[in-house]
Amino acid sequence: MGQLRQAIVAVAVAVTLTASASVAHAGMYVINNCPAAGNGNSGPWTIYGAPQADLGSCSGGPGSWIGPLGGTVGVDANTGVQIDVPAGSGITISQVKAWWAVPSSVSGATTFALASTNTGVVGMSDTPLNRTSPPDDFVLPSSATWFSLDDYCSNDDYSNSCTIGGGENADLQLFGSQVTLSDSNPPSGSVTGGALAGSGSVSGTQSLSFDASDGGPGVRLIQLLVDGQVVATNDYGAECPYQNFAACPATISDSISWNTASVANGPHEVALRIVNAAQVPAIVDDHSLVTHNPPHTPNGSPACESAGLTLVVNGKSRRALIRFGRRPKITGMLACGNASIVGATIAITGGGLDTSVTTSLLGQFSYQVPPGPNRTIRFVYRAFADDLKPAAAATAHLAVLPRIRLSISPRRTFDGGTIAWHGEVAGGPYPAGGVTLLVEVREGRRWQPFDEIIARDGSFGYRYTFLRTTEPTNYKFRVALPANGADGYDYDPAGSNTITVHVR
């Protein structure tokens, strides 16, 4: 553009800038540019006829704009911004919502604000113009392939051109736009592999690989259809900025998955559908295959895909402390809303377990856990035996206190005498480097550590000599796991039995 349009100007005087309702529907898509429309990307907009310079970026945040900068514009000449569809793309411009402003000339001929397309003028107004609140909304002819917003220097004074902005001031400002584009061309693609691409028998969750392309709006969705119904969708919306004519990626190579057990065994029609950013679909593959899966056997009555599962450990719903060697009892309830699920199998895993329990007539169950260290045990319910994902799951965290036994001899001694400590830490597995224990003495209400020992393979020994006891004293001793536990020994901190030693 940027050249004089005599025919446009001739009819412009009869047109005013007005707002119109949105016309977007299937086969159309909207691109947004500059801050007033929600981003700092000027997209496909270009600046023409700038007398002095142009501001081509609107990335500076709220209030930023693009447009021509000041100078002298000749009689019957225009300066402004324009958007042109790519040649041969088949895209047309259906609607433009514009936040824009146009100043009046400082001197010379009268200026007008024009909105134009390749079919003619669609709006005209005196300047100064401020269409930022609310913005202008133009519905365009169906054949529009470019659209411009112009500051036009009229021919009402042939002896004078128009000095509009002057210096670095704006001749026209585009603060933001929402451009509705029309494109009825379908995308294209092909199937490149995967079990679902064949015509044989399939079971379980399988996939289909594909290549998809669209030279206009870009690829937005991939849908897998089974017997005419959408069973899986890949949505590439996160890769679609909607800021240019190619609103989404032009090409996509990916795969799409489907659980074949979700339909009855037998022959089914499978199709791959590509949908572009303008919501135009295309089926690029359509063939038959046969599903063959184990029976969809219900697990319990009623089989419930929105079940609730609750657990209690030794009567406590929160973390329960368990002494070594004890067999904690985990009880639970399985329900579908207010209804108990009867006769359901619940799998038990974690902590070396691989077993199951069955719910009673009241939906209840219990499990006596074998002795062992700290563990997290998982209870899982699947509504149907062949379900890949649980309908309900819960975990029980078992915190186990070790059993530490201590003996000291002699228990009566004198200053300068030595006592021998022996003991064992029950319960493994033991780390290769042994279990670190603190040697502690009771001072008032606190246990004060004064040394460390290592228990290897569960046993430990230690000797201590009294050197500074000047009067008869009773000492209370113990050994204990540190508060932060021992590396590689999965038990909660705990102390041994307490032994009193009299020193005279």
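Nothing in this text is a laboratory measurement; each read-out follows from the coordinates by a stated rule. Owing to the predicted nature of the structure, the values given are computational and were not obtained by experimental measurement. Cβ coordinates were reconstructed from backbone atoms using ideal geometry, including for glycine residues, and neighbour counts include every protein chain displayed.
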**Report entry** Estimated inter-spin distance, Ala339 and Ser407, nm [label 7 Å along Cα→Cβ]
**Finding:** 6.3
Requested in this report: List the relative contact order of segment 6-182 as a percent without decimals, with contacts defined as Cα pairs under 8 Å and 6+ residues apart.
Outcome: 34
Query raised in the report: Roughly how big is segment 308-401's charge dipole about its Cα centre, with Cβ charges of +1 (Lys, Arg) and -1 (Asp, Glu), in debye to the nearest 20?
Result: 540
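Report the full-extension gain for the segment Ser255 to Lys316: residue separation times 0.36 nm, less the Cα-Cα distance, to one decimal in nm.
Numbers: separation 61, 0.36 × 61 = 21.96 nm, distance 4.68 nm.
So the extension gain works out to 17.3 nm.
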Report summary line: Stretched fully, the stretch from Ala420 through Ser159 gains (0.36 nm per residue minus C-alpha distance, one decimal, in nm) 82.2 nm
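Which trypsin sites (Lys or Arg not before Pro) does segment 356-442 hold that lie in a coil by DSSP with at most 16 other beta carbons within 10 Å?
Taking segment 356-442 and a limit of 16 other Cβ atoms within 10 Å, the loop trypsin sites (Lys or Arg not before Pro) found are Arg411.
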Report summary line: Among Leu309, Ala391, Phe324, the residue whose Cα sits farthest towards the positive end of the charge dipole of segment 308-401, when +1 is placed on the Cβ of each Lys and Arg and -1 on the Cβ of each Asp and Glu, is Phe324
Requested in this report: Would you work out the relative contact order for segment 164-305, in percent, from Cα pairs under 8 angstrom that are 6 or more residues apart?
Outcome: 27
Query raised in the report: Exactly which chymotrypsin sites (Phe, Trp or Tyr not before Pro) in segment 374-465 are in a DSSP loop and have at most 12 other Cβ atoms within 10 Å?
Result: Phe414
Query raised in the report: Can you give the charge dipole size of the chain about its Cα centre, rounded to the nearest 20 debye, using +1 on the beta carbon of Lys and Arg and -1 on the beta carbon of Asp and Glu?
Result: 4640
Requested in this report: Extending each Cα 7 Å along its Cβ direction at Val441 and Ala53, get the distance between those two points in nm, one decimal.
Outcome: 8.3
Report summary line: At R0 = 45 Å the Cβ-Cβ FRET efficiency linking Ala87 and Asp227, nearest 0.05, sits at 0.60
Query raised in the report: Mind checking which lysines have their C-alpha under 24 Å from Lys316, skipping anything on the same chain fewer than 8 residues away?
Result: Lys329
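Of Tyr489, Tyr475, how do they rank once you tally other Cβ atoms within 10 Å and put the fewest first?
Values: Tyr489 22, Tyr475 19.
Lowest to highest Cβ neighbour count: Tyr475, Tyr489.
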Query raised in the report: Nearest 20 debye, what's the magnitude of the dipole of segment 390-482 about its Cα centre given +1 on Lys and Arg Cβ and -1 on Asp and Glu Cβ?
Result: 280
Query raised in the report: With Cβ to Cβ distances under 15 Å as the rule, what net charge do the other residues near Pro128 carry (K, R +1; D, E -1)?
Result: -4
Query raised in the report: Which of the listed residues, Ile256, Asn185, Gly351, is farthest toward the dipole's positive end in the chain, when Lys, Arg count +1 and Asp, Glu count -1 at the beta-carbon?
Result: Gly351
Query raised in the report: Are there chymotrypsin sites (Phe, Trp or Tyr not before Pro) in segment 122-194 that DSSP marks as loop and that have at most 12 other Cβ atoms within 10 Å, and which are they?
Result: Tyr158
**Report entry** Relative contact order of the chain, pairs being alpha-carbon contacts under 8 Å that are 6 or more residues apart, as %
**Finding:** 10
Query raised in the report: What length, rounded to one decimal in nm, is gained on full extension from Ser262 through to Ser356, with 0.36 nm per residue of separation minus their alpha-carbon distance?
Result: 31.3 nm
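Pop the C-beta distance of Leu388 and Ser142 into the FRET formula with R0 = 51 Å and round what comes out to the nearest 0.05.
For R0 = 51 Å, the calculated efficiency reads 0.55.
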Query raised in the report: Looking at [x] 49, 23, 20; [y] 79, 38, 18; [z] 41, 24, 22, which value of semi-axes √(5λ) of the Cα gyration tensor in Å comes from a calculation on the structure shown?
Result: [y]
Query - Residues listed by number, segment 349-370, amide nitrogen under 11 Å from Thr331 label point at 7 Å toward C-beta - result: 364-367
**Report entry** Cβ-Cβ FRET estimate between Arg504 and Arg378, R0 fixed at 60 Å, reported to 0.05
**Finding:** 0.55
Report summary line: Total charge of the residues flanking Ala277 in space, meaning their Cβ is under 15 Å from its Cβ, with Lys and Arg +1 and Asp and Glu -1, is -2
